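Rule-based calculations on the coordinates, nothing more; no lab input. No experiment lies behind these values; they were computed from the predicted model shown. All Cβ positions, glycine included, derive from the backbone under ideal geometry; neighbour counts span all protein chains shown.
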Amino acid sequence: MNDNTIIEIKNLHKNYQVGEETVKALRGVDLSISKGEFVAIMGASGSGKSTLLNILGCLDRASEGDYWLDGKNVKSLKKNQLAEIRNTKLGFVFQSYNLLPRTSALENVELPLLYNSSVSNKLRREKAEAALIAVGLKDRMKHLSNQMSGGQQQRVAIARSIVNDPVIILADEATGNLDTRTSFEIMALFQELNEKGITIGFVTHESDIAMFTKRNILFRDGKIIKDTDTINRMSASKAILNLQNED
């Protein structure tokens, strides 16, 4: 493992017991993700991609194998240590935004920092404001989440995911609830963040969305069957322009 490796997994297995049957969700997966990568994790429903994401996000444990995150082997960590890693090393973006309703954009983005005793109230506010500015929501900081469009809510969620300067953002079908144009706008934002050096792991089943990432990993039956650099990678900003021209 070199200094640039953010994620390294070796021979990862995940089994679930369903009644009498053992379901093998992951079957000996090897994968490494380096600093600055933008990786699409793809596959049909049940292929193992969401199981992998839950393990990468320290939300679930592997049945077998090793997982290093930022140089630390996650396998040996206790629950409270896993919670700390989730809060300090990882940023999450979900399909359903997972924002608190009747709470301002700023307060939603401050949330991950509330659990960090080393961050003062003043610094927490400053970091949350900077994150919202970075995702283009300077004028929406005081808006409640239920006063915003789906695309704006997802931007708040992305701001929340970067506020603690994570080593990687893990996104799960982050454009799944959005129309085509808004999906492209969100992917343009992810491309922009990636250009600034933020590492992103992006689970999607949509091949047109994966075209905006730099590397495509395809799962089938709990195994990686393909791992390639994105061919003819697209600029999401250009894709938005093309949509406008079609209108």
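Structural remarks
- Candidates are the residues of region 97-126 that are in contact (Cβ under 8 Å) with a residue 24 or more places away in the chain and part of a helix (DSSP H, G or I); the one that is surrounded by the fewest Cβ atoms within 10 Å (Cβ to Cβ) is L111.
- When restricted to residues that are surrounded by 17 or more Cβ atoms within 10 Å (Cβ to Cβ) and outside any loop (DSSP other than H, G, I, E, B), region 62-81 contains 5.
- When restricted to residues that are among the hydroxyl-bearing types (S, T, Y) and either exposed (fewer than 12 other Cβ atoms within 10 Å of the Cβ) or assigned to a helix (DSSP H, G or I) (or both), region 82-96 contains 1.
- Count of region 127-144 residues which are closer than 30 Å to I55 by Cβ and either surrounded by fewer than 20 Cβ atoms within 10 Å (Cβ to Cβ) or of a type in the set (K, R) (or both): 2
- Total residues in region 1-36 satisfying the condition of being polar (S, T, N, Q) and either more than 23 Å from I168 (Cα to Cα) or in contact with a Pro (Cβ under 7 Å, 6 or more places away or on another chain) (or both): the figure is 3.
- Residue within region 141-149 that is in contact (Cβ under 8 Å) with a residue 24 or more places away in the chain, in contact with a helix residue (DSSP H, G or I) (Cβ under 7 Å, 6 or more places away or on another chain) and of a type in the set (G, A, S) present: yes
- Test for I225: is it among the β-branched types (V, I, T), in a helix (DSSP H, G or I), at negative phi and over 12 Å from the mean Cα position of the chain (by Cα): no
- Qualifying residue in region 214-221 (condition: part of a loop (DSSP other than H, G, I, E, B), of a type in the set (V, I, T) and touching a strand residue (DSSP E or B) at 6+ places or on another chain (Cβ under 6 Å)): no
- The lone exception for N15 - which of (1) among the polar types (S, T, N, Q); (2) in a strand (DSSP E or B); (3) within 11 Å of K223 (Cα to Cα) it fails: (3)
- Residue within region 38-50 that is out of contact with any His (no Cβ under 9 Å at 6 or more places or on another chain), assigned to a helix (DSSP H, G or I) and in contact (Cβ under 8 Å) with a residue 60 or more places away in the chain present: yes
- Of the residues making up region 179-208, those that are among the hydrophobic types (A, V, I, L, M, F, W, C) and either surrounded by fewer than 23 Cβ atoms within 10 Å (Cβ to Cβ) or not in a helix (DSSP H, G or I) (or both) are A188, L189, L193, I198, I200, F202, V203.
- Among (1) in contact with a helix residue (DSSP H, G or I) (Cβ under 6 Å, 6 or more places away or on another chain); (2) farther than 22 Å from S96 by Cα, the one test that V203 misses: (2)
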